[in-house]
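Participant: The structure that follows is given in the form of structure tokens.
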Amino acid sequence: MHGLMQDWPLLCHKILDHAATQHGAREIVSRSVEGPIVRTTYAETRQRALKAAQLLEREGFAAGDRIATLAWNTGRHLEAWYGIMGVGGVYHTLNPRLFPEQIAWIMNHAEDKALFVDLTFVPLAEKIVPQVPSVKRVIVFTDKANMPQTSLPNAIAYEEWLADADGDFRWKQLEETAACGMCYTSGTTGDPKGVVYSHRSNVLHAMIALVPDAMGLSSRDTVLPVVPMFHANAWGLAQSAPMCGAKLVMPGGRMDGEAIYELLDTEKVTFTAAVPTVWLMLLQHLEETGKKLPHLKKVVIGGSACPRAMTKKFQENYDVEVIHAWGMTEMSPLGTLATIKPEYLELEGDAKLDIQQKQGFAPFGVEMKVTDDENHDQPWDGKTFGRLKVRGPAVARAYYGGAGTEQFDDEGWFDTGDVAHIDPQGYMQITDRAKDVIKSGGEWISTIDLENLAVGHPDVAEAAVIGIAHPKWDERPLLVVVRKPGKEPSKDELLGFMEGKIAKWWMPDDVVFVDEIPHTATGKIQKTTLRKQFETYELPTA
Ligand code: AMP
């Protein structure tokens, strides 16, 4: 027997239709790439997305075509996304921080047929597009007046292009399982792997993100997604903000402390999200200027572990609630969020920070477990760690082109490559990437725990821990530190600071000071490069 309810496919353009009808006048404010602040609304955005879809169809693009974007978070980028999805196309966000050869490889792998590009990235695109024969059309996110001379093939200014349509277009009727978006993970080993989102997975993910114990957004919020749309759908905010009718503030290409502060302040932003690096810049700006954050209520921090000192500062100095979150491109990307369950509601100070230091618990729609190397489930005791595996309707079941099959098992579990433990209340804590964990005398040492501890020292700007070969213990930890400008903490001082806060055998065997720690295109510490840099390093204990 079947239910007798309507078969209403979960399609992404329905999100924009809803925003335009229920919250039509709500603003989308962008810092444009040309400079000025630009204001539009959900109603106008829908109209312009319809025009984009109409033009894409007129130019011969059809369902399933991959259409790349190389752009910052702006209203135009958002319109183009919905236009691409509305004609049945697949938006393919490119990360401009990758090398041109990597981007060309990714575009060829995806066989992108067109490219929407920001002015900032026209010179980059000029290097890439000649290597990608499938690209037949380039649309530059600007108007005719600002359109540069370019060698890009068949290029046109976005506003000039849009002016040629009236928006008399009906969204394509699609199956909800149809592909709508694509994003390649910046694999630190091997080739990048393509994740393909469906309309259904994006709609469900937006709903999962909105529940109060996840991001908990509403039409009363003003949302600033600093996290780029090319980093796993701006953590879903490009869909969840219109779904609930929240005002959107798009930062364009400026993500420095001053620029972000200006938007937080003038637009009265209540909710924002980004990786820790962005918040380091903002907190530094606040400390230098003595400014406050009277409007901001919540900040979601993820992408890499949120340092304890950062949570403490936001909450104690600025009265802003921090939500530590964990996820992956393969998970659309939300996996867990460290909001507070009633069991922990009474906690204050350090005890509360201990919970917020964890990556959090899974909302409905995400299942997780931790296993040992033989695939045996580990207890949820808050200390036994192992491989973290996940499944759910917004989790990938394969990569585009079939790479990485070993990460998916028959029961639908996806091996995240992260190492974690889960406590009796369901809070998960990442202790490492599987390939970064240090194996010392057969036991595992968590590099993330050591890094978090080290950055708690007031003179440390950034810290990374890697395993160095050791004749007796196999591997031992080396602490690599970037000092704050003008500060000169010594090795003994740092080790003294860490002593007593972790097991004795976890203590780093040595400390080295560097000017810079290498980062990946998504802002994570690039441990492969660091390990290469210290390949021949000899520990004093060896
Ligand atoms: P990406 O797909 O680029 O977003 O990278 C996902 C990976 O980032 C995860 O598998 C984790 O290793 C790491 N990651 C994301 N969020 C966190 C977090 N809150 N703490 C520690 N690692 C994180």
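Participant: Take the residues in the range 262-282 that are within 16 Å of the ligand (Cβ to nearest atom) and open to solvent by 20 Å² or more (accessible area, probe 1.4 Å); name whichever of them is farthest from the chain's Cα centre (by Cα).
Facilitator: Out of the qualifying residues, it is 280.
Participant: Right, here's the next one. Which of the helices (runs of 4 or more DSSP H) contained wholly in the range 162-263 include at least 1 residues that are touching a residue at least 24 places away in the same chain (Cβ under 8 Å) and hydroxyl-bearing (Ser, Thr, Tyr)? Step through it out loud before you land on a result.
Facilitator: Details: elements: 199-210, 232-235, 237-244.
Result: 199-210, 237-244.
Participant: Answer yes or no: is there a residue in the range 76-98 that is in a strand (DSSP E or B), surrounded by 18 or more Cβ atoms within 10 Å (Cβ to Cβ) and among the charged types (D, E, K, R).
Facilitator: no
Participant: While we're here: Applying the selection to the range 504-518, what residues are within 29 Å of residue 383 (Cα to Cα) and either within 16 Å of the ligand (Cβ to nearest atom) or more than 32 Å from the chain's Cα centre (by Cα) (or both)?
Facilitator: To start, the set of residues in the range 504-518 that are within 29 Å of residue 383 (Cα to Cα) comprises 504-511.
Selection gives 504, 505, 509, 510.
Participant: Cβ-Cβ under 8 Å, sequence separation 6+ or interchain: first residue in the range 352-378 and without any contact (Cβ under 8 Å) to a residue 40 or more places away in the chain, partner among the basic types (Lys, Arg). Which pairs?
Facilitator: These pairs meet every condition: 367/391; 371/387; 371/389; 372/387; 373/387; 377/369.
Participant: Does residue 410 satisfy the condition of being in a helix (DSSP H, G or I) and outside the structural domain of residue 110 (by TED's automatic domain parsing)? Spell out how you get there, then give the answer.
Facilitator: Values: in a helix (DSSP H, G or I): no; outside the structural domain of residue 110 (by TED's automatic domain parsing): yes.
The answer is no for residue 410.
Participant: Inspect the range 451-471 for any residue being more than 26 Å from residue 517 (Cα to Cα), within 16 Å of the ligand (Cβ to nearest atom) and either among the charged types (D, E, K, R) or surrounded by 22 or more Cβ atoms within 10 Å (Cβ to Cβ) (or both) and give the result as yes or no.
Facilitator: no
Participant: Does the range 94-101 contain at least one residue that is touching a Leu at 6+ places or on another chain (Cβ under 9 Å) and under 20 Å from residue 52 (Cβ atoms)?
Facilitator: Yes: the range 94-101 contains one or more residues that are touching a Leu at 6+ places or on another chain (Cβ under 9 Å) and under 20 Å from residue 52 (Cβ atoms).
Participant: Tell me which residues, restricted to the range 99-128, are at pLDDT below 95 and under 25 Å from residue 198 (Cα atoms).
Facilitator: 102
Participant: So which residues in the range 381-404 are open to solvent by less than 20 Å² (accessible area, probe 1.4 Å), more than 13 Å from the ligand (Cβ to nearest atom) and over 25 Å from residue 110 (Cα atoms), if there are any at all?
Facilitator: The one that is open to solvent by less than 20 Å² (accessible area, probe 1.4 Å), more than 13 Å from the ligand (Cβ to nearest atom) and over 25 Å from residue 110 (Cα atoms): 386.
Participant: Here's a follow-up. Where residues in the range 329-351 are charged (D, E, K, R) and in contact (Cβ under 8 Å) with a residue 40 or more places away in the chain, which of them is nearest to the ligand (Cβ to nearest atom)?
Facilitator: 330
Participant: When the residues of the range 283-303 are narrowed to those that are within 16 Å of the ligand (Cβ to nearest atom) and not hydrophobic (A, V, I, L, M, F, W, C), which ends up surrounded by the fewest Cβ atoms within 10 Å (Cβ to Cβ)?
Facilitator: By that ranking, first place goes to 298.
Participant: Let me ask another. Would a scan of the range 487-494 turn up a residue that is touching a residue at least 60 places away in the same chain (Cβ under 8 Å), surrounded by fewer than 19 Cβ atoms within 10 Å (Cβ to Cβ), over 28 Å from the mean Cα position of the chain (by Cα) and part of a helix (DSSP H, G or I)? I'd like the intermediate steps shown before the answer.
Facilitator: Within the range 487-494, the first condition is being touching a residue at least 60 places away in the same chain (Cβ under 8 Å), and the residues that meet it are none.
Within the range 487-494, none of the residues are touching a residue at least 60 places away in the same chain (Cβ under 8 Å), surrounded by fewer than 19 Cβ atoms within 10 Å (Cβ to Cβ), over 28 Å from the mean Cα position of the chain (by Cα) and part of a helix (DSSP H, G or I).
Participant: Next up: Is it fair to say residue 159 is surrounded by fewer than 21 Cβ atoms within 10 Å (Cβ to Cβ), assigned to a loop (DSSP other than H, G, I, E, B) and either at pLDDT 95 or above or small (Gly, Ala, Ser) (or both)?
Facilitator: It is false that residue 159 is surrounded by fewer than 21 Cβ atoms within 10 Å (Cβ to Cβ), assigned to a loop (DSSP other than H, G, I, E, B) and either at pLDDT 95 or above or small (Gly, Ala, Ser) (or both).
Participant: Looking only at the range 405-443, how many residues end up being over 21 Å from the mean Cα position of the chain (by Cα) and open to solvent by less than 30 Å² (accessible area, probe 1.4 Å)?
Facilitator: 8
Participant: Considering only residues that are farther than 18 Å from residue 237 by Cβ and among the charged types (D, E, K, R), which ones fall in the range 10-40?
Facilitator: Selection gives 17, 34, 39.
Participant: Follow-up question, since we're still on this one. Does any residue in the range 278-291 that is under 19 Å from residue 226 (Cα atoms) come within less than 6 Å, Cβ to Cβ, of a residue that is in a helix (DSSP H, G or I) and open to solvent by 20 Å² or more (accessible area, probe 1.4 Å) six or more places away or on a different chain, and which pairs are these?
Facilitator: From residues that are under 19 Å from residue 226 (Cα atoms), the pairs are 283/313; 285/258; 285/261.
Participant: Right, something else. Filter the range 307-328 down to the residues that are assigned to a loop (DSSP other than H, G, I, E, B) and within 6 Å of the ligand (Cβ to nearest atom) and list them by number.
Facilitator: Residue satisfying the conditions is 328 alone.
Participant: Could you list all residues from the range 358-380 that are open to solvent by less than 80 Å² (accessible area, probe 1.4 Å) and either within 23 Å of residue 306 (Cβ to Cβ) or not in a loop (DSSP other than H, G, I, E, B) (or both)?
Facilitator: Initially, the range 358-380 is screened for residues open to solvent by less than 80 Å² (accessible area, probe 1.4 Å), giving 358-363, 365-366, 368-372, 375, 378-379.
Within the range 358-380, 358, 359, 360, 361, 362, 363, 365, 366, 368, 369, 370, 371 meet the criteria.
The values are calculated or read from the model by the stated rules, or taken from the named source; none is laboratory data. These numbers were taken from a predicted model, which means no experiment stands behind them. We place every Cβ from the backbone using ideal geometry, glycine too, and count neighbours over all the protein chains shown. Quick note on the areas: whole protein, heavy atoms, side chains included, nothing else; ligands and nucleic acids left out. Shrake-Rupley method; radii C 1.70, N 1.55, O 1.52, S 1.80 Å.
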